[in-house]
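Okay, structure first, notes after.
The values are calculated or read from the model by the stated rules, or taken from the named source; none is laboratory data. Note that the structure is predicted; figures quoted are calculated from it, not measured. Here the Cβ is made from the backbone with ideal geometry for all residues, glycine too, and neighbour counts use every protein chain on show. These area figures cover heavy atoms from the full protein model, side chains too; ligands, DNA and RNA do not enter into them. Shrake-Rupley method; radii C 1.70, N 1.55, O 1.52, S 1.80 Å.
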Amino acid sequence: MHDAVTAERHKVPAVAVMTERFVSAAELMARVLGMPGYEFMVIPHPISSAGDGALRRMAEATATPLQTMLLARAGAEQK
């Protein structure tokens, strides 16, 4: 979250990706960094023990929504 917020402050569109277990921590971090309500992607937890197939499925399920969110932010930056 910190990296995404820092990038956004430097006018670089970014999207943070968090696992379900860390949603509340990510929301707190966004508030502490002065960006309450910052939207981010949420993926299933855990990922450290997921096999290659499970990771691939998570990536495939997340790619399109993540791209949509990132492009929306890029478009907002240009306005």
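So the values come out like this:
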quantity: Test result for Phe40, in contact with a strand residue (DSSP E or B) (Cβ under 8 Å, 6 or more places away or on another chain) and either modelled with pLDDT of 95 or more or not hydrophobic (A, V, I, L, M, F, W, C) (or both); calculated: yes
quantity: Check on Gly34, part of a loop (DSSP other than H, G, I, E, B), of a type outside the set (Val, Ile, Thr) and open to solvent by less than 90 Å² (accessible area, probe 1.4 Å); calculated: yes
quantity: Subset tally (residues that are closer than 19 Å to Arg21 by Cβ and either touching a residue at least 24 places away in the same chain (Cβ under 8 Å) or among the acidic types (Asp, Glu) (or both)) for segment 32-64; calculated: 11
quantity: Some residue of segment 45-63 being surrounded by 11 or more Cβ atoms within 10 Å (Cβ to Cβ), of a type in the set (Ser, Thr, Tyr) and over 14 Å from Ala4 (Cα atoms); calculated: yes
quantity: Where a residue in segment 11-22 is under 17 Å from Leu55 (Cα atoms) and its partner, wherever it lies, is open to solvent by 30 Å² or more (accessible area, probe 1.4 Å) and part of a strand (DSSP E or B), with Cβ under 6 Å and at least six apart; calculated: Met18/Val42; Glu20/Val42
quantity: Residue ID - least open to solvent (accessible area, probe 1.4 Å), chosen from residues in segment 2-30 that are assigned to a helix (DSSP H, G or I) and either at positive phi or of a type in the set (Ser, Thr, Tyr) (or both); calculated: Thr6
